[in-house]
Structure formats: structure tokens, C-alpha cells
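Everything below concerns the one structure shown next.
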Amino acid sequence: MPMLSIHSLTPEALHLPPGTSEFLGCQRRHTLPASEFRCLTPEDAISVFEIEREAFISVSGTCPLYLDEIRHFLTLCPELSLGWFEEGRLVAFIIGSLWDKERLTQESLTLHRPGGRTAHLHVLAVHRTFRQQGKGSVLLWRYLHHLGSQPAVRRAVLMCEDTLVPFYEKFGFQAVGPCAVTVGSLTFTELQCSLRGHAFLRRNSGC
């Protein structure tokens, strides 16, 4: 489903907000870290859905992923998700799955294709109290580097409304044309991003 939740973030050049450098390090500080990025599990599904429901239903009346679909993807492919936790609380997340065709179709909204080489980003959402802080940018940057560390994944793809295209272009995404998927009266642009550059940065990051 469409990456709509980032509507609450102002598109900006890719840079790290003040104070986020500590989040990009590789050290663990406590048993319960002040800030932690990790893959999500089915146990996180309710927290994920609560953030997503607030971000999407008030805007579009629907969610990209409902609770059973969240559990479905977090059971089949948790390695294609990433959550940002602060003091154990989920504040932002991305959920993806693998896709095995060149372009997105209606089936891609609910299917995970284990043999696929494309990571389909279903949803990015930030908790309402943490918006307008650049967290969506930091999380997407981390997620693309996370994907780049997985040799089988060659590219990332997503669908979004036209107003969000410039935001994703700052992360290396390129528009490939109108998406075949529609949701009600909404139409979307499909974008893709090669992960080769992100894999190189990951290998040379020291993490």
C-alpha cells in the first residue's frame, strides 16, 4: 500500500538532525537502549498498527497494512522491517517484503515472494508526538543501508503520491512512472532505488 504517513514530514535535503549522530553509531549503551534500531517481530504488531492507524485513517480513511497483514509480514520476513525504539517505545517503523516482478501490481500489496530481488516498502510511519523532527529521514536512511547489507536484495521500490516524489528522490529513488495500483480515487507514482551504493556505504561504515 502507499507510503502516505510521511505526509507529516517536510521534504528536506538528506542531513542528520542535531543530536542524531549517537543514533547512527554501532554501540549499545544499556540493557534498554535510549535509542535503538532493530528488526520488528510479530510481538511488535500492535504497537505498529496503533501508530499506522492514527497516521493514515485520519487522512485517507484506510491503512496500508491492517493488523493481520502486519503480523503476516513480520512473521514471514521480519528482516525486511526496521523499527526505531526510544527507551523501549516504538516511535517509527518501516515494513517491507520481497517482490519478484519489475513493477508493482495489486498482488504486491499483500504477498511476500521469497525468491524476489526487490524490496517493496509498504509503509513508513512516525508516531504523532515524534513528527517534524526528521525521524522519517533518519529511519529511511538506516533502512536502505540495512537492505544494502542483504546480498539477495538488489533494489527497493515503493509507491507514493506525487507530492512526496521529491522527498524520496533525495534518497536515490527515481520515478519510473504511474503505478498500476490504485486505492479508491488515489493514484500513485512508482519509484525505485538501486541498493548497490547503499551496500558500498554499509561495507565502509565500520558498523
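General remarks:
- Distance in nm between pseudo-label sites at Ala152 and Lys170 (7 Å out along the Cβ direction from Cα): 3.3 nm
- Between segment 29-104 and segment 155-196, the Cα center-to-center distance that results, in Å: 19 Å
- Heavy-atom accessible area ranking, 1.4 Å probe, most first, across Glu52, Glu86, Glu43: Glu43, Glu86, Glu52
- For Arg103, solvent-accessible area (1.4 Å; no DNA, RNA or ligand), Å²: 90 Å²
- Spacing of the two label points (7 Å from each Cα toward its C-beta) at Arg38 and Thr75, in nm: 2.1 nm
The values are calculated or read from the model by the stated rules, or taken from the named source; none is laboratory data. Fair warning: this is a prediction, and the values are worked out from it, not measured in the lab. Neighbour counts run over all protein chains shown; Cβ positions are idealised from the backbone, glycine included. Only protein heavy atoms, including side chains, enter the accessible area calculation; ligands, DNA and RNA are left aside. Shrake-Rupley method; radii C 1.70, N 1.55, O 1.52, S 1.80 Å.
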